[in-house]
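Okay, structure first, notes after.
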Amino acid sequence: MTLLLTNDDVERALTMRDCIDVLERAYPELGEGIGVSRTVSQIFTPTGHSKDALYSFKSMDGVAPFAGIAAIRLTSEILTWPKDASGRAKKVRIGAAPNGRFVGLVLLFSTTTGEPLAILPDGVIQRLRVAATTGLAAHYLARKDASEVAMLGCGWQAGAQVQAIIEVRKVKRIRCYSWAHVFSADWVEPGMHISTIQHAELDPAVFKKADVLIAHYTAGRPAVIDSSRGVTHADETEDMRKAVRAALKEHELPNLHDLVLGRTKGRTAPEQVSCFLNYVGLGYQFAAVGSLLHRKALELGIGRELPTEWFTEDVNP
């Protein structure tokens, strides 16, 4: 049977601690070149929704042999880029599906039989895999006695980031603030660990203060982005990403899997400043965390079972 799971099912089945643990097991396989994550592919075209919006079709996939799982994440979205008071464009997703809903799916497959194992929305598992990656990096990079978290941003993802940090450090105080570019290089203090998930979140000068700078993953090829002729809405955001990556020389930085494998040193002194660039999402992460989800869902007896033969065929294409 193939499991059909909801976001509520995912929340019930997965804990942040379990997600951090499965990623810690997965990254060595990725670093050794056994696990595979293919580059993100994204298409932009005009949409009938509105003149200032674009249709986006995006995919990322990967295979985690240790778990016997392949995964693909697909998003079908309507996007806009409104500008804030400073004139900076920010990507905004529009809930244009019936009842104002969004469309994102994760499909899990067996690498033993090729059969589909599960189909689920991408929302909750996306939140968990991003935050668990931050938590894993903090486990290796943050001071052992770190007890205070400063969270810049108070959205849905921010809450998960805090949950992940709490799993790896004994946190006594959490301070939250929501605004753009509120953390300047002058605020960097000895012993800090800094983590970021978006290119525009921090003043680039902040990174120059870091003694230890680790990128999530730079081994793959750059994202493949194609657009209809004349479509330029997304260019500003993509140009900004490229500029930040070039300024950081991100392709030369050690990766998270190097840290987990012991190939590169993390923090070697309490007073050092460490920084983790959690910029790149991987299909491999969905395979690793998805394997945990599938096992837990079967153990808990949650989800709706669909006949696998609905998704297989007797035709050899």
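Remarks
- The mean accessible area for residues of the chain, using a 1.4 Å probe and ignoring ligands and nucleic acids, is 52 Å² per residue.
- A DSSP coil position with no more than 13 other Cβ atoms inside 10 Å describes the following trypsin sites (Lys or Arg not before Pro) in the stretch 71-177: 90, 144, 170, 172.
- Counting every alpha-carbon pair across the chain, the share separated by more than 30 Å comes to 36%.
- In the chain, a dipole from Cβ-located charges (positive for Lys and Arg, negative for Asp and Glu) runs towards its positive end, and of 257, 277, 105 it is 277 whose Cα lies farthest in that direction.
- Reported to the nearest whole Å, the Cα centre-to-centre distance from the stretch 297-317 to the stretch 44-114 is 24.
- Close amide H contacts of residue 151 (hydrogens built in the peptide plane, cut-off under 5 Å, sequence separation of 5 or more or a different chain): 175, 176, 177.
- Aspartates and glutamates with Cα under 15 Å of residue 208, excluding same-chain neighbours fewer than 8 positions away: 186, 189, 250, 252
- Placing pseudo-labels 7 Å out from each Cα toward the beta carbon at residue 99 and residue 224 gives an inter-label distance of 3.5 nm.
- Within the chain, the longest run free of chymotrypsin sites (Phe, Trp or Tyr not before Pro) that sit in a DSSP loop with at most 14 other Cβ atoms within 10 Å is 1-178.
- A simple charge model with +1 on the Cβ of Lys and Arg, -1 on the Cβ of Asp and Glu and nothing else charged puts the dipole of the stretch 99-173 at about 380 debye relative to its Cα centre.
- The mean sequence distance of close C-alpha pairs (under 8 Å, at least 6 residues apart), as a share of the length of the chain, puts its relative contact order at 28 percent.
- Computed [θ] at 222 nm, helices only, for the chain once each DSSP H run of length n ≥ 4 contributes -39500 (n - 2.57): -9500 deg cm²/dmol
- Site-free segments of the chain were taken between GluC sites (Glu not before Pro) in DSSP loops having at most 13 other Cβ atoms within 10 Å, sites themselves excluded; the longest one is 33-270.
- Taking every Cα-Cα distance in the stretch 130-224 and sorting them into 5 Å bins from zero, the calculated P(r) comes out as 2, 11, 23, 25, 24, 10, 3, 1, 0 percent.
- Extension gain for residue 315-residue 7 works out to 107.6 nm (0.36 nm per residue, less the C-alpha to C-alpha distance).
- Net +/- balance of residues flanking residue 103 in space, Cβ distance below 14 Å, scoring K and R +1, D and E -1: +2
- Note on residue 271/residue 185: beta-carbon distance plugged into 1/(1 + (r/R0)^6) with R0 of 25 Å gives a FRET efficiency of 0.90.
- For the chain, the share of accessible area belonging to carbon and sulfur comes to 52 percent (1.4 Å probe, ligands and nucleic acids excluded).
- Potential lengthening between residue 86 and residue 231 on full extension [0.36 nm per residue; Cα-Cα distance subtracted]: 49.8 nm
The values are calculated or read from the model by the stated rules, or taken from the named source; none is laboratory data. Everything quoted here is computed from the prediction, not taken from an experiment. In this analysis, Cβ positions are derived from the backbone assuming ideal geometry, glycine residues included, and neighbour counts consider all displayed protein chains. To get the accessible areas, we keep the full protein, side chains included, count just its heavy atoms, and leave off ligands, DNA and RNA. Shrake-Rupley method; radii C 1.70, N 1.55, O 1.52, S 1.80 Å.
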